[in-house]
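A.B. asks: One structure, as structure tokens, below. Some questions next.
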Amino acid sequence: MRILFVGDIVGASGRQIVVDHLPMLKQQYNVDFTIANGENSAHGKGITKKIYNQLINAGIECITMGNHTFAKREIFDDYESCPELLVPANIDPVDFGNYYKVYTVKEKRICVVNLYGEAFMNRVGGSPYPFMDDVLEHVKADYYFVDFHAESTSEKMLFANVYSEDINACVGTHTHVQTADERLIGRVAYITDVGMCGARDSIIGRDVEELYHNVILGEKTRYTVASGDPFLNAVVIDIDDITMESKSIQRIAI
């Protein structure tokens, strides 16, 4: 079995490169299940029902979120009609949405979990550990896959080590820069950050000129997503069909 995880999709250019390349990637890597982080997909902040449908129709089967989950107010109105959309367990309000879902893939139960870091993050609604413990205690699955949306590299690594014999994959999102530390930590296929999908000439997806005027010149500006040629970051995880152990994790950069 192979799982493809696509890094944070940022704005229109990020969505377009995913739509354009996803069929090829799924065929090239013989992918059985596809997950993507979509918290930046709507002009860099949040997601809409229209964009959710675009990504699902493109072949993504589960969409995870992050700190911009609630950037678009309509998520509260449309969430029930977006069944494959996960919200981090420990983001405030913690009682909104689903933070995990179990999927049947090749007759195996894959539990996808969306968690949130505490360090340097806003809207923190508590520690991610009790939520992960609750899933492991009450949700029976053959494979546990975690999108850990966090700023701190050490926080992501610690989480993977704590659950090195309990979960099967932990991929980091949020910083938008693909790290070169993919490896197995115990049973866990791990990478600190998968990276992003969006404009290459940008500041993690944001327009360089706009950010210069905002940060360096101290001007009040409107958040602007960069345009131009995009790139795509993802990882593919190879899993033993019988034991459901992670065998390898491989970076993808287009």
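The values are calculated or read from the model by the stated rules, or taken from the named source; none is laboratory data. None of these values were measured; they are calculated from a predicted model. Using ideal geometry, Cβ is built from the backbone for each residue, glycine included, and neighbour counts are taken over all protein chains shown. Please note that ligands, DNA and RNA were not included when accessible areas were found on the heavy atoms of the full protein model with its side chains. Shrake-Rupley method; radii C 1.70, N 1.55, O 1.52, S 1.80 Å.
A.B. asks: So how far apart, in nm, are the two label points at Lys50 and Asn98 if each is 7 Å from Cα heading toward Cβ?
C.D. replies: Reported label-point gap for Lys50 and Asn98 is 2.6 nm.
A.B. asks: With the other protein chains left in place, how much accessible area per residue, in square angstrom, belongs to the chain at a 1.4 angstrom probe?
C.D. replies: 43
A.B. asks: First compute the accessible area of the chain with a 1.4 Å probe, then give the percent of it belonging to carbon and sulfur atoms.
C.D. replies: The value for the chain is 48 percent carbon and sulfur by accessible area.
A.B. asks: For the chain, set up a GNM with springs between Cα atoms under 10 Å and report which of Val135, Val194, Val87 has the largest fluctuation.
C.D. replies: Val135
A.B. asks: Further, regarding this structure: Order Thr153, Thr221, Thr64, most accessible first, counting only protein heavy atoms with a 1.4 angstrom probe.
C.D. replies: Putting Thr153, Thr221, Thr64 in descending order of accessible area: Thr153, Thr221, Thr64.
A.B. asks: Among rounded, prolate and oblate, which fits the stretch 1-133 when a ≥ b ≥ c are the square roots of the eigenvalues of its C-alpha gyration tensor, a/c under 1.5 means rounded, and a/b larger than b/c means prolate?
C.D. replies: oblate
A.B. asks: As a test, work out the antiparallel percent of DSSP beta bridges whose residues both lie in the chain, rounded to the nearest 5.
C.D. replies: If I count the DSSP bridges inside the chain, around 50 percent turn out antiparallel.
A.B. asks: Work out the count of Lys pairs in the chain where the Cα-Cα distance is under 15 Å, with the pair 8 or more places apart or on different chains.
C.D. replies: Taking the chain as the scope, the lysine pair count is 5.
A.B. asks: For a quick protection proxy, order the peptides 6-12, 158-164 by their average other-Cβ count within 10 Å, most packed first.
C.D. replies: With the highest mean Cβ count within 10 Å placed first, the list reads 6-12, 158-164.
A.B. asks: Helix 153-162 versus the longest principal axis of the chain: what is the Cα-based angle in degrees, 0 to 90, to the nearest 10?
C.D. replies: The answer is roughly 10 degrees.
A.B. asks: What is the set of long-range amide H partners of Tyr99 at a cut-off below 5 Å, with H atoms built 1.01 Å from backbone N?
C.D. replies: Here Val87 satisfy the definition.
A.B. asks: So which residue, out of Asn98, Asn233, Asn168, gets the largest mean-square fluctuation from a GNM of the chain using Cα contacts under 10 Å as springs?
C.D. replies: Highest fluctuation of the listed residues: Asn98.
A.B. asks: Using a 10 angstrom cutoff on alpha carbons, build the Gaussian network for the chain and name the most mobile of Gly59, Gly46, Gly218.
C.D. replies: Taking springs between Cα atoms under 10 Å, the residue moving most is Gly218.
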